[in-house]
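Beneath this line is the structure, given in structure tokens, with notes to follow.
Bear in mind that the values in this text are calculations on the coordinates, not laboratory data. Since the model is a prediction, treat every value here as computed from it, not as a measurement. Every residue, glycine as well, gets a Cβ built from its backbone with ideal geometry; the counts of neighbours run over all protein chains shown.
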Amino acid sequence: MAHRRMHGSPLKGAIVGSLSGLVGTVLMTQFQIVWKKGSEQTQSRKKTRSESKKSEKEDSTMKTAEKLGEAAGYKLTKAERKKAGNWVHYGFGTAMGAIYGLVRESAPKSVRQMNSGISGAGYGSVVFLGAHEIAVPSLKLGSNPIKEPVRDQISEYLAHLVYGLGTSLTYSALRRIV
């Protein structure tokens, strides 16, 4: 009887990784919602008018959606940017999951057998550094992270850890069955 090979299929890795990245993005989004509600409750008495306006700023996904709309020759309204920003967020997370799956399938055996928690935390950290800390400010889709409050940086990093762990754990679970 032939031994079923568990790893080594880049296509399978990309597909499973995409699904896993989508799950990771959903978990990240839920974490961000809970964090924001908790932060609002603890800071409700301290909140000033300027902080309230600051929280209404468009995020990097909305700015990306706006630039994509302009490239397609269409000017998005704020409501459309908000909706399209969600597509950007989930699309990016799904694409990063596909990359995770490709790397896991193409990596040496020692990397493929790495603990899912460790690889997920590492991947979430890489995505945080590469996307949030480098690409977003470089593309002028967000402010310089050095100028952001530490609590905002911590929440973003934790959200990306949740993404990485969710992606990795989902990938490992799905990969065992396909």
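Considering the values (i) 1, 8, 14, 18, 17, 15, 11, 7, 4, 2, 1, 0, 0, 0, 0; (ii) 1, 8, 16, 20, 21, 16, 10, 5, 3, 1, 0; (iii) 1, 7, 9, 10, 9, 8, 7, 7, 6, 6, 5, 5, 4, 3, 3, 3, 2, 1, 1, 1, 0, 0, which represents P(r) over Cα pairs in 5 Å bins from 0, in percent as calculated for the structure under consideration?
The value computed from this structure is option (i).
If packing is taken as the mean number of other Cβ atoms within 10 Å per residue, what is the order of 117-128, 136-147, highest first?
117-128, 136-147
Determine the alpha carbon to alpha carbon distance for each of 82/109; 63/109; 37/78; 12/37 and list only those over 31 Å. Display every interim value, and only then the final one.
Values: 82/109 42 Å; 63/109 40 Å; 37/78 23 Å; 12/37 38 Å.
The answer is 82/109; 63/109; 12/37.
When Lys and Arg each count +1 and Asp and Glu each count -1, what net charge do the other residues less than 14 Å away from residue 157, Cβ to Cβ, add up to? Write down the numbers at each step before the final one.
Working: positive: 151; negative: 133, 148, 152, 156.
Every neighbour counted, the sum reads -3.
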